[in-house]
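The values are calculated or read from the model by the stated rules, or taken from the named source; none is laboratory data. Note that the coordinates shown come from a computational prediction; the quantities given were computed from them, not determined experimentally. Here the Cβ positions follow ideal geometry from the backbone for every residue, glycine too, while neighbour counts run over all protein chains shown. Accessible surface is based on the protein model in full, side chains and every heavy atom, while ligands, DNA and RNA are left aside. Shrake-Rupley method; radii C 1.70, N 1.55, O 1.52, S 1.80 Å.
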Amino acid sequence: MEHPARQPGASILELNDIQMSFGGVHALKGINHAVPEGIIQAVIGPNGAGKTTLFHCISGLLNPTEGSILFRGAEINGLAPHRIAHLGISRTFQHVALFKSMTVLENVMLGRHSRTRSGFWATGLRFPGMRSEERNIHKKAEAFLDLVGLADASRLQAGTLPLGKQKILEIARALATEPRLVLLDEPAGGLNMTETEELGVLIQKICQTGITVVLVEHDMNLVMDISDQILVLHYGQYLASGTPQHIKDDPAVIEAYLGEN
Amino acid sequence: MRTTDRWIFTVVFLLIAVFPWLVGRISGISHYIEVMIFAGIFSLVCLGLSLLMGYAGQISLAQAAFFGIGAYTSGILTARFDWNPWLAMPVGAVLAAAVAWIVGVPALRLRGHYLAMATLGFGVIVHIVFSEEVEWTGGPSGMVDIPGLAIAGWRISSEVQWYYLIWGIVFLALLFSFHILHSRVGRALRAIHEEEIAAEAMGVPTARYKVQIFVFGAVLAAIAGSFYTHYVTFLSPSSFNLMWSIRFVLMVMVGGMQSLWGALLGTVLLTFVGNEWLQVFADFEVLVYGAILLVVALFLPQGLISVLRRGPGGARSSVSRLGGEG
Ligand SMILES: Nc1ncnc2c1ncn2[C@@H]1O[C@H](COP(=O)(O)OP(=O)(O)OP(=O)(O)O)[C@@H](O)[C@H]1O
Ligand SMILES: [Mg+2]
């Protein structure tokens with residue numbers, strides 16, 4: 001598909017025949033999919049289906065062996081991850097990857113990196129512009145902590161938070177980069193039932209601000225509740241795609257995925 | 001600056017300030033001033049190296065080479081071309097920066113210890129140039145007739161004046177480094193140290209920052225080299241060989257990586273060890289350094305500063321690697 005101009009309802013992310021091999025292991029075997037802007041897109045599939053690998057490809061941590069990834073119509077595969085972050089894709093990690101000995105607030109402040117400028121000279125010599133930028137980073141970071149409900153913990157060391165809160169903090173850090181697309185890799189892992197419900201509300205809130213959400217999650221209640229579209233992967237391959245209702249009733253999905261449990 | 005750093009800064013500042021007076025009151029150690037001047041010069045070399053080792057997780061074996069680039073640039077421009085020392089100094093710094101950038105960019109793009117290897121080779125080459133380019137550097141027999149320093153026509157002549165000049169500059173460099181560490185750039189450096197992949201994914205150009213610290217360390221080393229030149233007014237290639245690069249790495253390791261205070265402590269300590277307390281063992285110097293390195297690596301991986309801070313050991317965050325999540 002061509003995107004001569006951006007139109008409402010256009011897809012924000014397009015995956016064209018994405019393949020990813022690690023030596024002999026084919027983690028992704030040709031994924032084609034388009035994510036419309038402004039929706040909550042779930043990606044599900046049994047363990048080892050290739051969901052995390054797909055996220056690594058989109059965020060630039062892995063370079064797909066084959067295929068192309070278009071973000072807002074422009075190819076992004078091959079770009080360094082920090083460039084992709086700058087373009088407006090952010091993410092969380094399945095295995096929490098916070099800066100553990102930094103404070104909760106500092107973790108979110110780091111998320112502001114690609115939206116701010118002060119370099120070696122400006123910070124070393126404390127230029128006035130740098131000081132006001134620093135105050136701004138501080139203020140914005142606090143606002144994002146407020147949004148996810150972690151404002152009270154801002155002075156604590158990130159590594160000391162319980163796992164559930166660490167997962168939420170990763171979301172705040174990702175939002176601080178002001179993404180247009182955010183990839184959440186199993187955000188409900190380690191959360192209890194109330195926390196998971198709150199997470200669902202938070203994800204919907206994020207989506208309402210205009211950010212497209214791609215959600216990898218094993219908690220089917222959450223997925224079915226909040227997703228607009230679901231993509232199902234199985235052994236690195238496309239299995240099905242559609243609305244939650246459609247996926248629930250798909251016999252192939254039931255057999256490959258839901259039937260397993 | 002954080003409040004704890006501000007406290008330490010004040011205390012160390014006062015200690016350094018009263019040191020000449022203290023030394024003057026105790027007989028037999030008046031030459032400690034001179035040792036401390038060298039310790040100050042070496043501290044400049046080790047500051048940037050400490051950032052590189054502590055935050056980028058990389059080792060440079062070319063600090064002595066950058067030190068030498070500053071020293072010889074100043075030496076040659078002032079002794080052979082009659083330049084003003086204060087004009088020659090930035091030329092050495094810029095030259096070191098350019099060379100560091102050329103060596104650092106390809107080596108730091110790759111993950112792993114390519115920088116150690118690249119700087120090892122580079123350091124050896126630079127030392128050979130110092131020794132062989134006899135016409136410019138005087139070769140192994142050394143370079144003489146280098147002028148001293150003057151500030152606004154006022155010559156820096158006594159040891160005490162040199163002492164305050166050098167340590168004044170060390171404190172300026174420290175202040176600059178602390179400002180960097182407690183800002184946007186410092187957060188990025190700490191993030192790289194803790195979770196490099198996450199830092200990159202959140203928008204931090206990790207390779208570029210590593211190059212920047214490496215260049216910063218090279219510039220500080222070159223500036224130190226310029227001051228060294230005008231202080232000793234004599235240059236010989238043996239002050240800039242691989243052994244010196246290893247000594248600088250050792251100074252940082254003994255004091256503690258990832259702590260600027262640790263780097264300072266290690267530098268002062270090892271300068272005294274080398275210049276003063278181990279003169280008797282001069283023939284076994286390499287052996288002594290090897291033993292120190294072994295003891296530090298085995299029992300004090302975080303350096304002496306960790307003992308002052310919270311007792312030996314101390315938790316270290318592991319850097320998680322990409323892949324194999326499943
Ligand atoms: N770096 C790597 N090297 C080799 N094989 C890998 C690597 N990363 C992933 N794999 C393999 O690729 C396949 C897909 O893994 P991936 O982590 O993407 O699955 P997933 O769908 O996220 O699973 P889970 O639900 O358990 O998180 C697995 O078979 C995994 O072992
Ligand atoms: Mg996964």
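Just a few scattered comments:
- In the protein assembly as shown, helical runs assigned H by DSSP with n ≥ 4 each contribute -39500 (n - 2.57); averaged across all residues and rounded to the nearest 500, the mean residue ellipticity at 222 nm is -18000 deg cm²/dmol.
- Tail weight of P(r) past 16 Å, computed on alpha-carbon pairs of the range A:95-178, percent: 49
- Area accessible to solvent at residue A:68, 1.4 Å probe radius, in Å²: 20
- Taken over the Cα atoms of chain B, the convex hull encloses 153 Å³ per residue.
- Relative to the dominant Cα principal axis of chain A, helix A:163-176 is inclined by about 80°.
- Karplus-derived 3J(HN,Hα), 6.51/-1.76/1.60, for each residue of the range B:79-90, Hz, glycine and proline x: 7, 8, 10, 6, 5, 6, x, 6, 8, 5, 4, x
- Here the relative contact order of chain B, from alpha carbon pairs under 8 Å that lie six or more residues apart, stands at 31 percent.
- Note on exposure: B:292, A:230, B:151 ranked by accessible area (1.4 Å probe, complete protein assembly) read B:151, B:292, A:230, with the most exposed listed first.
- Shielding of A:164-177 by partner chains, average beta-carbon count, 10 Å: 1
- Accessible area of chain B belonging to carbon and sulfur atoms, whole % at 1.4 Å probe: 68
- Measuring nothing but protein heavy atoms, the accessible surface of the range A:95-178 at 1.4 Å probe radius is 55 percent carbon and sulfur.
- With the convex hull drawn over the C-alpha atoms of the range B:186-279, the volume per residue is 117 Å³.
- Of B:117, B:257, B:36, the one that fluctuates the most in a GNM where chain B has Cα springs shorter than 10 Å: B:117
- Rounded accessible area per residue of chain B, 1.4 Å, Å²: 43
- Each other residue within a Cβ distance under 10 Å of residue A:217 adds +1 if Lys or Arg and -1 if Asp or Glu, for a net charge of -2.
- Area accessible to solvent at residue B:86, 1.4 Å probe radius, in Å²: 90
- For the range B:100-245, the square roots a ≥ b ≥ c of the C-alpha gyration tensor eigenvalues yield an a/c of 1.5 or more together with a/b not exceeding b/c, which makes the shape oblate.
- Of the whole protein surface, residue A:29 contributes about 90 Å² of accessible area at a 1.4 Å probe radius.
- Minimum 20 Å² accessible area buried by the other protein chains, the range B:156-190 residues, probe 1.4 Å, relative to alone: B:176, B:179, B:180, B:183, B:184, B:185, B:187, B:190
- Computed FRET value (nearest 0.05) for residue B:110 with residue B:132, which takes r as the C-beta separation and R₀ as 22 Å: 0.10
- Per the accessible-area calculation with a 1.4 Å probe, the total area buried between chain B and chain A rounds to 3200 Å².
- Comparing A:25, A:214, A:223 in a Gaussian network model of chain A (Cα springs below 10 Å), the most mobile by mean-square fluctuation is A:25.
- When B:72, A:235 are compared by accessible area of protein heavy atoms, the largest-first order is A:235, B:72, using a 1.4 Å probe.
- Between the beta carbons of residue A:39 and residue B:7, assuming R0 = 56 Å, the FRET efficiency works out to 0.60 to the nearest 0.05.
- 1.4 Å probe accessible area per residue over the range A:95-178, in Å²: 44
- Shielding value for A:100-108 is 3, the average number of Cβ atoms from other chains within 10 Å of each residue's Cβ.
- Here the calculated FRET efficiency for residue B:151 and residue A:163, from their Cβ-Cβ distance with R0 = 56 Å, stands at 0.45, rounded to the nearest 0.05.
- Net charge of neighbours whose Cβ lies under 15 Å from the Cβ of residue A:18, counting Lys and Arg as +1 and Asp and Glu as -1: -2
- Among the listed pairs A:140/A:165; A:51/A:100; A:29/B:210; A:140/B:210, those whose Cα-Cα separation exceeds 30 Å are A:29/B:210.
- Spherically averaged projected area of the convex hull of Cα atoms, the protein assembly as shown: 31.2 nm².
- Span per principal axis, largest first, for the Cα atoms of chain A (Å): 62, 43, 40
- The gain in end-to-end length when the residue B:80 to residue B:18 segment is fully stretched comes to 18.5 nm, 0.36 nm per residue minus the alpha carbon separation.
- Chain B: most fluctuating residue of B:115, B:51, B:269 per GNM, C-alpha cutoff 10 Å: B:269
- Test item: Cα-centred dipole of the range A:95-178, Lys/Arg +1 and Asp/Glu -1 on Cβ, debye: 180
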